[in-house]
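All remarks here apply to the structure that follows.
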Amino acid sequence: MNYMTAMIQLPLVKDAPRERVRTPEDVSRVCDDLRGLAQETFHVLALDVKNNLVNRHMVTLGLVDASLVHPREVLRVAIVENASAIILAHNHPSGDPTPSAEDIRITRQLVEAGKIVEIKVLDHIIIGRCVDGSAVNSGDPNGRCFVSMREEGICDFS
């Protein structure tokens with residue numbers, strides 16, 4: 001006879017509370033280490049049902065002015081982390097967080113791909129660089145060093 005045994009592991013201790021990510025400022029704080037990088041990097045923040053940060057993953061490391069991003073890699077991270085929602089974040093080494101046409105195109109593509117697998121894309125934050133406490137070329141009246149594509153109404157995240 002051939003018997004198979006299934007092993008099930010249950011946690012004995014509840015995980016410590018996770019960091020809640022609610023606002024673009026929260027994302028900017030979590031991704032603050034992207035500000036001074038010389039290359040563009042694209043990150044996915046995987047969130048649970050209460051928008052607590054499960055994990056942050058660098059999906060691509062690009063060049064000084066571009067980073068190749070494909071929905072397959074972005075959504076793989078979300079699926080592996082069992083995320084309910086994700087927030088996209090990347091830096092602009094130039095310091096100017098203004099979204100490019102390519103940033104807008106890929107964001108729209110990722111929002112649509114997320115709908116297929118029922119993972120919400122909540123926002124795409126572009127991290128710039130601050131000089132003397134104000135954003136470089138951002139035109140942001142608040143002097144923030146990032147742009148939230150949701151807040152700016154650049155893409156439809158619904």
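Every number in this text was worked out from the coordinates using simple rules, so none of it is lab data. Note that the structure is a prediction, hence the values are computed from the model and not measured. Positions of Cβ are generated from backbone atoms using ideal geometry, with glycine treated the same way; all protein chains shown enter the neighbour counts.
Odds and ends about this structure:
- With the simple spin-label model, which puts each label point 7 Å out from Cα in the Cβ direction, the Ile104 to Glu25 separation comes to 2.8 nm.
- For the stretch 24-148, taking Cα atoms only, Rg and Dmax work out to 13.8, 43 Å respectively.
- Considering only Leu75, His90, His124, the residue lying farthest towards the positive end of the dipole of the stretch 24-148 is Leu75, judged by Cα position with unit charges set on Cβ.
- Annotation for the stretch 20-58: trypsin sites (Lys or Arg not before Pro) lying in DSSP loop with at most 14 further Cβ atoms inside 10 Å of their Cβ are Arg22, Lys50.
- Karplus-derived 3J(HN,Hα), 6.51/-1.76/1.60, for each residue of the stretch 36-44, Hz, glycine and proline x: x, 6, 8, 10, 6, 10, 10, 10, 10
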